[in-house]
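*Asks:* Pasting in a structure now, in structure tokens, and then I'll have a few things to ask.
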């Protein structure tokens, strides 16, 4: 992606696009699809890329879409997101992710925050989560398993990302346009960052997300399901030895709640192509397109 310089203040953008400045601020606050940088005086400064995105959204709104629908279309429109500069943008995302990981592995939180602010100024929160945070999680796990980093390094990276993703989740209002989804780690599972990214994906699409995080005590999950009556439950599994426990839980939930849609997520499933065909229908996958396909098949 070409280096985009911020050069338009909000008044200029408002006049160029014929949109109220208050509307721009509201879109930024509520949907985080555009996050302009701030100058020394604290004023928003927009790039040409920001204008391109805003023009696309305004065009959709003028055609009768709500802004939330337009944003959903934008995020699902791969051609818009990466063309005509597909390779450049992918490279920029990869370089940014590599730089951010190096900052975190050096315990340099200040530099990591600056690098992340730069990423948010160029890309939507979901793009940052999917194409910067997710690869960092995978790479950190690989480095730890191969003993190239210590558990202290892994914890620092995980805690930094967990805090930022948590902030992103809390900042998205619950619209309730779609169904309720319960998200929880599977039995004996404690790695929840991948599940948090999936929660962000669902919430930005209007699902009413109830996020439990780490696996609750035995029997507690069924109590929560009885109480909130979700249409979906998603269980994450990141450790291979926990898969039998996860599949037994699926069988139990399927028997107790026959109308409940059950999804299984986690990179560990990609290492088990021999997994019983009976459970393949539950596997959500680990990419944005696979998540979309899984949900669309059940809509």
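The values are calculated or read from the model by the stated rules, or taken from the named source; none is laboratory data. What you see is a predicted model, and the numbers here were worked out from it, not measured in a lab. Heads up, the Cβs are rebuilt from the backbone with ideal geometry, glycines too, and the neighbour counts pull from every protein chain shown.
*Asks:* Step by step: first the residues of the stretch 202-217, then only those that are touching a residue at least 24 places away in the same chain (Cβ under 8 Å) and more than 18 Å from the chain's Cα centre (by Cα), then the one that is nearest to residue 281 (Cα to Cα). Which residue is that?
*Replies:* 215
*Asks:* One residue is enough: does the stretch 224-236 have a residue meeting the conditions in a helix (DSSP H, G or I) and touching a helix residue (DSSP H, G or I) at 6+ places or on another chain (Cβ under 7 Å)?
*Replies:* Step one: list which residues in the stretch 224-236 are in a helix (DSSP H, G or I), which gives 224-228.
Restricting the remaining residues to those that are touching a helix residue (DSSP H, G or I) at 6+ places or on another chain (Cβ under 7 Å) gives none.
No: zero hits.
*Asks:* Could you say whether any residue in the stretch 198-214 is within 18 Å of residue 134 (Cα to Cα) and in a strand (DSSP E or B)? Reasoning before the result, please.
*Replies:* Of the stretch 198-214, the ones within 18 Å of residue 134 (Cα to Cα) are 198-204, 213.
Filter once more, keeping what is in a strand (DSSP E or B): 213.
The answer is yes; a qualifying residue exists.
*Asks:* To continue, here is another question. For residue 166, only one of the following conditions fails: (1) at pLDDT below 95; (2) over 18 Å from the mean Cα position of the chain (by Cα). What is its number?
*Replies:* Of everything listed in (1) at pLDDT below 95; (2) over 18 Å from the mean Cα position of the chain (by Cα), residue 166 misses just condition (2).
*Asks:* Checking the structure you have, find out if any residue of the stretch 67-86 is in a helix (DSSP H, G or I), within 22 Å of the chain's Cα centre (by Cα), surrounded by 14 or more Cβ atoms within 10 Å (Cβ to Cβ) and modelled with pLDDT of 80 or more.
*Replies:* So far as the stretch 67-86 goes, yes, one or more of its residues are in a helix (DSSP H, G or I), within 22 Å of the chain's Cα centre (by Cα), surrounded by 14 or more Cβ atoms within 10 Å (Cβ to Cβ) and modelled with pLDDT of 80 or more.
*Asks:* Taking only the stretch 226-248 into account, find how many residues are out of contact with any strand residue (DSSP E or B) (no Cβ under 7 Å at 6 or more places or on another chain) and either modelled with pLDDT of 85 or more or in the same structural domain as residue 125 (by TED's automatic domain parsing) (or both).
*Replies:* If we filter the stretch 226-248 for residues that are out of contact with any strand residue (DSSP E or B) (no Cβ under 7 Å at 6 or more places or on another chain), which is where we start, we get 226-227, 229, 238-245, 247-248.
In the following step, the residues that additionally are either modelled with pLDDT of 85 or more or in the same structural domain as residue 125 (by TED's automatic domain parsing) (or both) were identified as 226-227, 229, 241-245, 247-248.
The total comes to 10.
*Asks:* Quick one: residue 198 ticks every box in (1) in contact (Cβ under 8 Å) with a residue 40 or more places away in the chain; (2) not assigned by TED's automatic domain parsing to the domain that holds residue 252 except a single one, so which number is it?
*Replies:* Result: residue 198 fails condition (2) only.
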